[in-house]
């Protein structure tokens, strides 16, 4: 395997949890809700995933448990922001803190317990293609799932009526409501989907990437996922690009050190974040006057009958 | 205020009552209350976890003669308050387990003259402040020897945390050990920028393996690099605790922190009134630090590693003997001399032959 | 049958006052249930959490010291949020303030200096924080860039900047290569108020800020502008208020306050710069701002209350061996309940039969 192949492989695995969480949050934000609690849902997914996997001995059940945990927290968020019209920023932050704390409580028994990570799936024949074969066709199931999700979300948002309605709720919830669409119910489904994706991303961390549990193992990835959604200007394929960019920059920075490139490591580490700001500004310059993102993003919706 | 304090002691006593086997004349009228301040979460499975294990061992050995409490993830601004609260809760011996706490401990210790303080990896003492550390570098020497034997690509990968002297002299010593077997050994260093960040450690490990390293050393605390070593079928050394089970076919040995016996001896010293401030830098011979059983090595390799380890423990082998030459060619000490403890503690240059650079 | 939210015709003062009390009561109740489930005496646990921190003079001083940065930052954030400017980057502005003020202390270390040093540091800290806050403000007004994201990204940038400075150019030469600066000289340290406690000048500064902000918001034209821009942006524009200038202004003020909190922490409590000088004050202050209903005096009360829960959490670790995570769970629950109860002040929940929908 050449070093380029190797780097690409690691970039893909580093980017996958970011992409999973980002694609879920993207759907949520397209429906007009800003959920800052991604970090809390992700780490609850990680803790629950490994707890269930260790207790039942089944990785698949662990993954399901993680998804359920993410959705449960998302449901709590939905009750607050949809049911009680509470400010979304505050609810999201509360969710993050609550999720971080709860994950520590759930995972406490499982610190340092070793488990086999979920292995890679090898697609025969195709994976023998030189260079791209291994990169594209010998990955763990989450990587394939993340790509399918990106495609599925793109298709849903752009090619189905339901997706169009969801986007309408995000752009102008009052008009959508006037047209008779159940804005709150649509947002609820979107929020639950976002929670499931965040939980899945967490499961990836604790069941595949570094298969064990320790406190705080998401290390801020939830916040990066939020950045990726904006970086992607809320478009699914751009979210994949953003995730690989962020994952890639982190990996490249580590490789650069190994090769002795004399740039301060902190500068390399800060680069993805600076880049996000730059991209954001560039997007807005191109757009010239329209808002970034769904116009109703973050505004609570209370239908008046 | 006295009512509150009595309630506190009652509360603590009630909680611990279930574990107490009854008062023992070995202790003072009350059991010795020992406090621990941890820089990270107890569940970090690395530095802080090992201090917690040391604390538990102390409780196990000394039984009802001690009572311990600990506070985790204490950020420097909260340090003063936590220490004061521990003292008000009755602690008479407090372990502050991080260099980040050293300056704050130096500041707080004089204000609590009847409490004894012990700072891990600190650099100076006070009448009521002792410092303690492990000679981790002895383990690094052994790791270097083993790595030189096991490596086919002749490249060691080192997942470093920060360019502080402890890490730098560890890297130097690994190579010292490796060069004693094969002078052509090389090392690649990646700075993970954290003492603990499993995802980043895994990424660093992958990067090093991709660049051709086939033995991994880590100065970070999670088992992630070893798991990568297992996955990529290279070798690795564990850190802070015995990590054999995380990488059954990749694990060679681990540097294991054993703070328990030191804590037992210090608590005993307070109980029988013989505590004095000291500067304890314990190596393999002190029990504060040990190497996990050698795995995945041939009998000859095990014999050699054991021999080197025993020589280090006995003091017949010194990793910091001259000649020592910096990367830029200047000589630090000639042959026949040896670096003293302070020089080792402040070593901030790489040896010639190591191609790594320090960040900024 | 389904549940709908109905806006109440007018907000009753009685509910406004009751709501936080009910929220606290619910949190206490859930906390008690959780403690009981963990096998602890709920009364004792509640006492350790909420009563012990304020049960003596030393405890009260500690609460004040812990609450000061939270209050300072939250007051600034409240001004921002009231006018719909979502400054999430207070943590970064806090760090920039510490960096700017710390730079003055380090540059003058060992050099004779006078009483001008400390005010210069405070001013420098405020300017540092304000400068960092200016960036998302300008990006929002000139390019329409989402300020939540830009301010959040700058937090990471500020963290890495502090890390680099403390490990590199500003590293204490006598510090064994450890990542910290020299300890600030006494002239560069915020003075203590009483000899035997940790209460320092930062707390009276915070109180003054609260009073000034309260007067500003309630009684001045600027305060009215802030509230109007937030609640009715179109009306505000008709009234001639320039929302772009206001955005820049509130971000500058908020950044300055966060920076001020940063330099006070660095020069008062820690007395040097290290990578870990903030245990997330900037983010916690966001919660304080919401708990305080975006009102300066409310921020004061909420800051004190949250400080009590932090200190209570430490005490719980010491006396009850409760892990830190439990404290986080309680804080999360508190926020949820307060937000929910506040919502019920503005809205009423009704069960409606389907036929009633128009």
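Summary of values
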| quantity | calculated |
| --- | --- |
| Count of the stretch B:248-282 residues which are farther than 25 Å from residue B:30 by Cβ and either under 14 Å from the mean Cα position of the chain (by Cα) or part of a helix (DSSP H, G or I) (or both) | 8 |
| Among (1) touching a strand residue (DSSP E or B) at 6+ places or on another chain (Cβ under 9 Å); (2) assigned to a helix (DSSP H, G or I); (3) over 30 Å from residue B:303 (Cβ atoms) - the single one residue B:199 does not satisfy | (1) |
| Matching entry among A:176, A:198 (being crowded, with 16+ Cβ neighbours inside 10 Å and under 19 Å from the mean Cα position of the chain (by Cα)) | A:198 |
| Filter pass, residue C:17 being in contact with a helix residue (DSSP H, G or I) (Cβ under 8 Å, 6 or more places away or on another chain) and either under 28 Å from residue C:63 (Cα atoms) or within 14 Å of chain A (Cβ to nearest Cβ) (or both) | no |
| Of all residues in the stretch B:171-184 being free of Cβ contacts under 8 Å to residues at least 60 places away in the same chain and crowded, with 22+ Cβ neighbours inside 10 Å, the one that is nearest to the other protein chains (Cβ to nearest Cβ) | B:174 |
| Residue list for the stretch A:41-79, restricted to those being within 18 Å of residue A:94 (Cα to Cα), surrounded by 24 or more Cβ atoms within 10 Å (Cβ to Cβ) and within 12 Å of chain C (Cβ to nearest Cβ) | A:43, A:44, A:73, A:77 |
| Selected residue (only one of A:239, A:227, A:256 is more than 8 Å from every other protein chain (Cβ to nearest Cβ), within 15 Å of the chain's Cα centre (by Cα) and in a helix (DSSP H, G or I)) | A:239 |
| Residues being more than 21 Å from residue A:72 (Cα to Cα), more than 10 Å from every other protein chain (Cβ to nearest Cβ), touching a helix residue (DSSP H, G or I) at 6+ places or on another chain (Cβ under 7 Å) and part of a helix (DSSP H, G or I) - total across the stretch A:176-216 | 3 |
| Selection within the stretch A:233-242 - within 17 Å of residue A:14 (Cβ to Cβ) and touching a helix residue (DSSP H, G or I) at 6+ places or on another chain (Cβ under 6 Å) | A:239, A:240, A:242 |
| Meets criteria (within 25 Å of residue C:105 (Cβ to Cβ) and under 26 Å from the mean Cα position of the chain (by Cα)) for residue C:164 | yes |
| Residue B:87 vs. criteria without any contact (Cβ under 8 Å) to a residue 24 or more places away in the chain, within 19 Å of residue B:267 (Cβ to Cβ) and over 22 Å from the mean Cα position of the chain (by Cα) | no |
| Count of the stretch A:66-90 residues which are touching a helix residue (DSSP H, G or I) at 6+ places or on another chain (Cβ under 8 Å), modelled with pLDDT of 90 or more and under 17 Å from residue A:302 (Cβ atoms) | 5 |
| Checking residue C:167 against (1) out of contact with any helix residue (DSSP H, G or I) (no Cβ under 7 Å at 6 or more places or on another chain); (2) surrounded by fewer than 21 Cβ atoms within 10 Å (Cβ to Cβ); (3) within 14 Å of chain B (Cβ to nearest Cβ), the condition it does not meet | (2) |
| Looking only at the stretch B:330-352, and only at residues there that are within 14 Å of another protein chain (Cβ to nearest Cβ) and in contact with a helix residue (DSSP H, G or I) (Cβ under 7 Å, 6 or more places away or on another chain), the one that is surrounded by the fewest Cβ atoms within 10 Å (Cβ to Cβ) | B:348 |
| Criterion (assigned to a helix (DSSP H, G or I), under 30 Å from residue C:77 (Cα atoms) and within 18 Å of the chain's Cα centre (by Cα)) met by exactly one of A:71, A:42 | A:42 |
| Residues of the stretch B:93-124 classified as assigned to a loop (DSSP other than H, G, I, E, B) and under 27 Å from residue B:42 (Cα atoms), total | 8 |
| Of all residues making up the stretch B:151-196, the number that are in a loop (DSSP other than H, G, I, E, B) and modelled with pLDDT of 90 or more | 8 |
| Residue match in the stretch A:259-268 (condition: within 8 Å of another protein chain (Cβ to nearest Cβ), buried (at least 23 other Cβ atoms within 10 Å of the Cβ), modelled with pLDDT under 75 and touching a helix residue (DSSP H, G or I) at 6+ places or on another chain (Cβ under 9 Å)) | yes |
| Condition check for residue C:345: in contact (Cβ under 8 Å) with a residue 40 or more places away in the chain, under 15 Å from residue C:49 (Cα atoms), more than 9 Å from chain A (Cβ to nearest Cβ) and surrounded by fewer than 22 Cβ atoms within 10 Å (Cβ to Cβ) | no |
| Residue within the stretch B:55-67 that is touching a residue at least 40 places away in the same chain (Cβ under 8 Å), crowded, with 22+ Cβ neighbours inside 10 Å and facing chain C (nearest Cβ under 9 Å) present | no |
| Residue C:275, sole failed condition from (1) part of a helix (DSSP H, G or I); (2) within 26 Å of residue B:76 (Cα to Cα) | (1) |
| Complete set of residues in the stretch C:261-320 that are free of Cβ contacts under 8 Å to residues at least 40 places away in the same chain and within 11 Å of chain B (Cβ to nearest Cβ) | C:270, C:276, C:279, C:314, C:317, C:318 |
| Single match in C:308, C:264 (criterion: at pLDDT 85 or above, out of contact with any strand residue (DSSP E or B) (no Cβ under 6 Å at 6 or more places or on another chain) and surrounded by fewer than 24 Cβ atoms within 10 Å (Cβ to Cβ)) | C:308 |
| The stretch A:15-36 - residue that is within 12 Å of the chain's Cα centre (by Cα) and within 10 Å of another protein chain (Cβ to nearest Cβ) and, of those, modelled with the lowest pLDDT | A:36 |
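The rows are residues; the columns are (1) assigned to a helix (DSSP H, G or I); (2) under 23 Å from residue C:285 (Cα atoms); (3) touching a helix residue (DSSP H, G or I) at 6+ places or on another chain (Cβ under 8 Å).
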position	(1), (2), (3)
C:180	no, no, yes
C:183	no, no, yes
C:198	no, yes, yes
C:204	yes, yes, no
C:208	yes, yes, no
C:212	yes, yes, no
C:217	yes, yes, yes
C:223	yes, yes, yes
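The values are calculated or read from the model by the stated rules, or taken from the named source; none is laboratory data. From a predicted model like this one, the values you see are computed outputs, not experimental measurements. All Cβ positions, glycine included, derive from the backbone under ideal geometry; neighbour counts span all protein chains shown.
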